Each structure stands twice: as structure tokens, then as C-alpha cells.
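Nothing in this text is a laboratory measurement; each read-out follows from the coordinates by a stated rule. Keep in mind it's a predicted model, so treat the numbers as computed, not measured. So basically every Cβ, Gly included, is an ideal-geometry build from the backbone, and we count neighbours across all protein chains shown.
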Amino acid sequence: MRAAVLSEFHAPLDVRDDVEIAEPGPGEVLVRIAASGICGSDLKAVDGKSPVVRELPAILGHESAGVVERVGEGVTGAAAGDRVVIAMTGNCGRCESCRRGAYGGCRSPIRMSQLGRMRDGTTRLRVDGQPAYPFIGIGSFAEYAVVNEEMLVRVPDTLPLEQACLLACGVVTGVGAVLNTAQVEPGSSVLVVGAGGVGLNVLQGAVLAGAARIVVADVNPAKLALAEDFGATDTLVSGDDLTEQVAKLLDGGVDYAFDATGVPGVLAKAFAATRDGGTTVMVGSPPNEPISIPPQQLFFNRTLKGCAGGGGLPARDLPKLVDLAAAGRLDLGRLITTTVALDDINTTIAEVRAGSVARAVVTF
Ligand SMILES: [Zn+2]
Ligand SMILES: [Zn+2]
């Protein structure tokens, strides 16, 4: 099959048509990929900075949707022809952690997908006869992917797959940060720093939560008009004076701040922009560098939270997001700046790095 292969860090992906994919094993499903968004985490993997890409070659891509081609032995929740989104995490549902709803603690073998392996510890992909590893157990910059049944969520015919794929990472992360991690209440004031693929979905989550003021900041003024279309009540060009600019808009600061930039130093500025008792959420996966927070700011009952994959369980939360999108309550179409062919993936990755696109989607 055709797939974009990461053979070497810091190098372009190698688009080849001789990547081998095996039949799905027990509890596994072969999905024909229809669309896969290009996310910041893919770029981190190219740069050798992803904690879950330990072995090469790897097939990147993890924000995807497609159609079930074949199912492995014992699969009951999916059938050939099903239109599906592939969640980044599926859990066993049976271990002590899953029963308590503490999905992050699930250590069942299916969680080996996070490290690019199936539950038996092997991989279904081969490049030049050697094992290749699917990013987060998905590897959707490819015509097909073999994934665990637990990761699949059905999509109605009315929702285009090139839009549905965005639910799997950018949307579940951004909206989940608001609804699961921060639990924003109606009437709140919210700051979103970064108006890219994730930040716009934090914004959509804030609208769903009924926030009264939604301030969106980005270093690129060109991105702010789109943020206004998505429901920002105030926008500002982010810089060293981010905290002061927010203080001018909302005396005393915001109730909730979300840093969707992953840029070192921005989180501390967002934290300083919250009111006494306010909450700051670090959305997504930043570089592994220390955060500097003045203790006196923290002392006044402020909270700082992390948020992996939207703070919930993607495979549990995605059906709700599918329903919201199908009902027109989430705007997916306007998140897509461009759709491209797999052959153009390296050019598009360069454009994503330049920060000029909200989301670029590879379609097959
Ligand atoms: Zn992602
Ligand atoms: Zn479990």
C-alpha cells in the first residue's frame, strides 16, 4: 500500500507504495483511510521529540477517519462498510482503572497501541521486510491502518469523513479541555492562546459551555478573523504583554485560560492572566521544559492543570462530538484550510510549520 514513512528524524517523509500491511488479528480491524489531518504531534514526531515514537521506521498520522474493510476474529462492534473515526485511545473497559472511570490508568495490553504496537506486542506494518510502527497505534498517513476495535467510533452518512477525521485529535482535545478538564460554567470568561487547529476547538468548546467572554490571542493577526467567525468576543495579537492586554479587557483577569501554543513561556503568561481562584489548562503536549510560575500567583487559589487528549477517554467522548458535528453545533468545515494528496505531504508539513494553516487534511 501507499504510505508516508518516517525513516529518519528531521528528514522529509518518504512516500512509497510498497509498505506491507498484514491482515487484522483478533480484536483488530482493517480500515481504509479516507482522510487524515496533519497535527502538531506529527511534526514533533518528525523532529524526534515525541515521547511515543521510540522506534523507526514509523508511519505517522493519528487524526483520521475511514471505512472498515475487514475485521479480525472476535470483533463484534464493527463490520465491513462502517464509516468510522479512529480514536487516539481505546481502553479495555474491564480493569480496575477503567471501572473507576480513571482511563489514564488503564494498563491493559491494548494500551500498547500508544507505543505503536498491537496487544500482542507486534506490529502489522513492514517496510523493506522490517517491522514499522504506527504512530499512536494508528499510522494514518497511509491507505490502510490496522487498529484495535476499541478505538473505532461510527460516523453517520451525513458527516463527510474529511471533516470527521478532525474530531479524533484537534476537536476531542480542544473541546475536552473545556468540558472535561476545566469544566467551564455558563457565563464564565475564557482566554484561549493560540488560534490554530486545537485553539479554535477550545474556542468551540467555550461556546458550547456558554462562556460569556471568550478572548482569543495569537501572534499571527491573520488568524484572528477566523477566531471571530468561531465566536470569539475579543481578539488580541499575542506578545510579551499578553497578561497586561488581557487585564485591560477584563479587570482582574479571566476565569479560565487555555494555552494551546506549546510555546515555552506562554503558559506562565496565560496563568498570570487568570483572576484570583482562576484555572489555567495546558492543552496538548508542550516541550519538556520547566514552567516558571510565581508562587504568589499560585497562592491566590489559582489552579494549573494538564490535559492529555482532552482530559477524558477519546473513544468515550467521540460519539458525543460526532452527534454535535452532525447537528451543526461544531463547525468542522471551516477548520480545514486545505486538503492535499499524500504525495504533497512534505510541502504541506512545511506550510503547517510556517503557521499559515488551521488544519491541513490529507485525503485518499
Ligand atoms: Zn494530534
Ligand atoms: Zn482498562
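Work out the length of the dipole vector of region 85-236 about its Cα centre, built from +1 on the beta-carbon of each Lys and Arg and -1 on the beta-carbon of each Asp and Glu, and round it to the nearest 20 debye.
Here region 85-236 has a charge dipole of around 700 debye.
Just to verify a number: FRET efficiency for ARG2 and ALA247, C-beta to C-beta distance, R0 = 56 Å, to 0.05?
In this case the efficiency is close to 0.60.
Can you grab the distance from the C-alpha centre of region 160-236 to the C-alpha centre of region 41-78, Å, no decimals?
25 Å
For the chain, take the longest principal axis of its alpha carbons; what is the angle in degrees between that and the long axis of helix 314-326, to the nearest 10 within 0 to 90?
Helix 314-326 sits at roughly 80 degrees to that axis.
Residues of region 86-107 with amide nitrogen under 18 Å from the 7 Å Cα-to-Cβ point of LYS305?
Hits in region 86-107 for LYS305 at 18 Å: 101-105.
Report, in debye and to the nearest 20, how large the dipole of region 171-307 comes out about its Cα centre when Lys and Arg carry +1 and Asp and Glu carry -1 on their Cβ.
240 debye
Please go through region 18-99 and write out the trypsin sites (Lys or Arg not before Pro) that DSSP classes as loop and that have at most 11 other C-beta atoms within 10 Å.
Answer by residue number: ARG54, ARG94.
Using a Gaussian network model of the chain with C-alpha springs under 10 Å, which one of ALA78, ALA11, ALA272 is most mobile by mean-square fluctuation?
Comparing ALA78, ALA11, ALA272 in a Gaussian network model of the chain, the most mobile one is ALA11.
Between the DSSP loop rule and a limit of at most 16 other Cβ atoms within 10 Å, which trypsin sites (Lys or Arg not before Pro) in region 251-335 are left?
ARG329
Given +1 on the Cβ of Lys and Arg, -1 on the Cβ of Asp and Glu, and no further charges, what dipole in debye does the chain carry about its Cα centre, rounded to the nearest 20?
The calculated dipole for the chain is roughly 920 debye.
At 0.36 nm per residue, minus the direct Cα-Cα distance, what do ARG32 and VAL67 gain on full extension? Give it in nm, one decimal, please.
12.1 nm
Under the rule of -39500 (n - 2.57) per DSSP H run of 4 or more residues, summed and divided by the residues of the chain, what mean residue ellipticity at 222 nm is obtained, to the nearest 500 deg cm²/dmol?
-5500 deg cm²/dmol
Could you work out the local net charge near ALA78, counting Lys and Arg as +1, Asp and Glu as -1, over the other residues with Cβ closer than 9 Å to its Cβ?
Around ALA78, the surrounding residues sum to -1.
Could you tell me the relative contact order of the chain? Use alpha-carbon pairs under 8 Å, at least six residues apart, and round to a whole percent.
Relative contact order of the chain: 18 percent.
In nm, give the distance between the simple-model label positions of GLU23 and ALA327, each being 7 Å from the Cα along the Cα-to-Cβ direction.
4.2 nm
Among THR274, VAL190, PHE299, flag the residue with its Cα farthest along the positive direction of the charge dipole of region 171-307, charges on Cβ as +1 for Lys/Arg and -1 for Asp/Glu.
So the residue furthest toward the plus end is PHE299.
Any chance you could give the angle, 0 to 90 degrees and rounded to 10, that helix 199-208 forms with the longest Cα principal axis of the chain?
70 degrees
If R0 is 30 Å, what FRET efficiency do you get for ALA350 and SER292 from their C-beta distance, rounded to 0.05?
FRET efficiency, ALA350 to SER292: 0.40.
Suppose the chain between HIS10 and GLN183 were pulled fully straight at 0.36 nm per residue; how much longer would it get relative to their current alpha carbon spacing?
Taking 0.36 nm per residue and subtracting the Cα distance, the gain is 58.5 nm.
Determine the equivalent ellipsoid of the chain by diagonalising the alpha-carbon gyration tensor, then write out the semi-axes as square roots of 5 times the eigenvalues, largest first, rounded to whole Å.
Working through the eigenvalues yields semi-axes of 34, 21, 19 Å.
Could you calculate the FRET efficiency of THR233 with ARG154 from 1/(1 + (r/R0)^6), where r is the beta carbon distance between them and R0 is 56 Å, rounded to 0.05?
0.95
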